[in-house]
Amino acid sequence: MHAYIRAVSVLSRMGAVVAILLTASAAIVVSQMVFLRYVLGASTIWQTEYVIYALVAATFIGSPYVLLEKGHVNVDLLQMAAPPQLQRILKAAAGLVGILFCALLAWSGWVYFHEAWEGGWRTETVWAIPLWIPLLPLPLGAGLLVLQYIAEIMKIFGGDA
């Protein structure tokens, strides 16, 4: 149990590093785009699309780390007023709902990603990158989020609290 929790925590932290790098790269690309457009008067082609895809990818890939650090928005007024045993049950129930939602999201995202991969789909923009590239963070991030939810439930019932 402890090995699983540690392994998933490492994966979540690695996702956070990737999310930070994606966000930083998006900021650099926006700066480059502003410089090209307003200082040099040049047109930009791929920058806006890259920034959108990078920030969406950062959101999905970084979400397991946010769960690890208890950074998601919670409405836990009733839970905090409950006795400790009921609190554990409510936390576990919320985790199970999270697992169900994220597993469905990961599965449907994987189907969409696979269709784009097999079909050779491309974006309908001037850049025209393969669509599987911006679609991959959805099943990857949601799948990692499922693993992190499982680790969080394990922590509730005797893991590393």
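Read the figures in this text as sums done on the coordinates, not as results from a lab. Being a predicted model, the structure only gives us computed values, none of them experimental. When we count neighbours, we look across all protein chains shown, and the Cβ atoms used for this are built from the backbone with ideal geometry, even at glycine.
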Counting each DSSP H run of 4 or more residues in the chain as -39500 (n - 2.57), what helix-only mean residue ellipticity at 222 nm follows after dividing by all residues, to the nearest 500 deg cm²/dmol? -25500 deg cm²/dmol
Peptides 145-151, 109-115: what's the order by average Cβ count within 10 Å, highest mean first? 145-151, 109-115
Using per-residue counts of other Cβ atoms within 10 Å, averaged over each peptide, order 82-89, 6-13 from highest down. 6-13, 82-89
Place the peptides 152-158, 43-49 in order of packing, highest mean first, counting for every residue the other Cβ atoms within 10 Å and averaging per peptide. 152-158, 43-49
So, with +1 on the Cβ of K and R and -1 on the Cβ of D and E, and no other charges, what is the size of the charge dipole of the range 11-135 about its Cα centre, to the nearest 20 debye? 360 debye
Return the label of the correct value of Cα extents along the principal axes in Å, as calculated from the structure shown, out of (1) 54, 42, 26; (2) 115, 37, 21; (3) 64, 37, 30. (3)
